[in-house]
Amino acid sequence: MPPIKVHIKKTTSGWRMASGLRVARGFILTFMLSGLISACATSPGRFSDTPDSLDEQAFTGLIGSLRPQQLREGQCGLFLWTRSEKRELVFFGNGARAEGKMMIAGEETTYTRVSAEGGAVFGQHPRQKFQSGDVTVTLILEIEGRTNMTGGAVVPRGSLRFEQKGGWKLVLPVGGLIACQTA
């Protein structure tokens, strides 16, 4: 079989077809398969398994939007929204009580924090794990203090991993803030 022409060019947005390279079909298939296998075997970063945006159909009916949460005087809370076109409040964390809330299958569910790693920021940690029954919720957050913000911090990106023991897993990209109610 004669070689076929394949044109590849590196651009700022990735690899693109261009001009100038002759490659046989077998080589292309081998190259593509080895790249796929390598990509599956690596774990390049903290948020590498979290998509940039969310396919809303992936969780419709399971994880719902929480109602607005009230903070009492002196209380701080973690508010996380989905990073989708339709932003929904999917997690509320109360640092003082070491618990979190989510709306699961139409019911507000409370989770107890079972572990926390990293320095606390207003009672919230960059890595937290919550449990309720056979469900575990793991948060991996990037928390940033801002000079123009008092009594709180920003969570520009993070992931919420929802896992049922012996069942399914769901990873959601999230963002939000930590806010404190002052007098």
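Key figures
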read-out: Residues of region 134-154 that turn out to be among the polar types (S, T, N, Q) and either part of a strand (DSSP E or B) or in contact with a Gly (Cβ under 6 Å, 6 or more places away or on another chain) (or both), as a count; value: 2
read-out: Only one of Arg113, Arg46, Arg87, Arg67 that is at pLDDT 90 or above and either part of a loop (DSSP other than H, G, I, E, B) or touching a helix residue (DSSP H, G or I) at 6+ places or on another chain (Cβ under 8 Å) (or both); value: Arg67
read-out: Condition met for Gln131 (farther than 15 Å from Leu172 by Cβ and buried (at least 17 other Cβ atoms within 10 Å of the Cβ)); value: no
read-out: Members of region 78-131 that are under 14 Å from Arg67 (Cβ atoms) and of a type outside the set (Val, Ile, Thr); value: Phe79, Trp81, Glu88, Leu89, Phe91, Phe92, Lys101, Met102, Met103, Gly106, Glu107, Glu108
read-out: Close pairs from region 99-118: first closer than 16 Å to Arg161 by Cβ, partner loosely packed, with under 13 Cβ neighbours inside 10 Å, Cβ under 8 Å, at least 6 apart; value: Met102/Glu108
read-out: Condition check for Ala58: modelled with pLDDT under 95 and under 15 Å from the mean Cα position of the chain (by Cα); value: yes
read-out: Unique residue being in contact (Cβ under 8 Å) with a residue 24 or more places away in the chain, out of contact with any Lys or Arg (no Cβ under 7 Å at 6 or more places or on another chain) and among the polar types (S, T, N, Q) when the list is Gln124, Gln128; value: Gln124
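The values are calculated or read from the model by the stated rules, or taken from the named source; none is laboratory data. Worth saying up front: this structure is predicted, and the values here are computed from it rather than measured. Cβ atoms come from the backbone with ideal geometry, glycine included; neighbour counts cover every protein chain shown.
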